[in-house]
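Read-outs throughout are calculated quantities, based only on the coordinates presented, and are distinct from any laboratory measurement. In this text, all values refer to a predicted model and were calculated from it rather than measured experimentally.
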Amino acid sequence: MKKRALKIALLFFIGSSFFTQNTCLFADEPKPFLIEGKIDNFHFKLNNDKQHCQLAIDHADAVIPWFPLTSQSPCYFFADNKQEKIQSYSYPDANIDYILLIGGTASELTVEQRKKKKMSATSYCTEEIQAIIIEKGKIKLGTTQTNAFACAENRLDEKLYRQKIKQPRKEIKKVIQEQLKKQTALETSFFESLQQKVEAIFK
């Protein structure tokens, strides 16, 4: 009888230890990045397959295909505590329908720095934050803020969103047009350089 009771107690102890260890492991696992979501009638989606993260926007009136952002992959939308919904704020007094934020370009932190900040080894943090602003139904892109520090799993303070109200911003269409001009200029420069080299060979 005593031996049986001892076995039960031992099994209970082993089972409890195993459960505790696994709970700790799962608790320390990083939550998946939120890379797409809907705000009002806009559907936003991020792609991290390239060096710089790409953004696509789908709306009832128009679809904006993938275009690169300034931050390096992986990037993500700052979300609610459950990582299920894009965190956003509205500022009607400033004629702003919504502001949502994207984090990207990982911050390289040492083990000591993580301990000081009380961060887990799996926390993905960044110092680069870029705003998407829906203003009077039009989508605008804010400049990239590089002096901020935030981690993907944390819900951001509302003041970080409020700071973006007065931030310079451009309409998405203008941003894409500028990118296309730069790309065309680079391609033209490349072919001109190539042509000069070919002409030099056959002189």
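List of remarks:
- Amide H within-cut-off set for Lys85, under 5 Å, with H built and near neighbours excluded: Asp80
- Viscosity 1.567 mPa s, 4 °C: Kirkwood-radius Stokes-Einstein D of segment 65-172 over Cα pairs, µm²/s: 89 µm²/s
- Taking amide H positions as modeled 1.01 Å from N, with prolines and chain starts lacking one, the residues under 5 Å from Ile139 and 5 or more places away or on another chain are Ile172.
- Distance violations [Cα-Cα > 19 Å] among Lys45/Lys159; Lys140/Lys166; Lys136/Lys166; Lys138/Lys166; Lys50/Lys173; Lys38/Lys159: Lys45/Lys159; Lys50/Lys173; Lys38/Lys159
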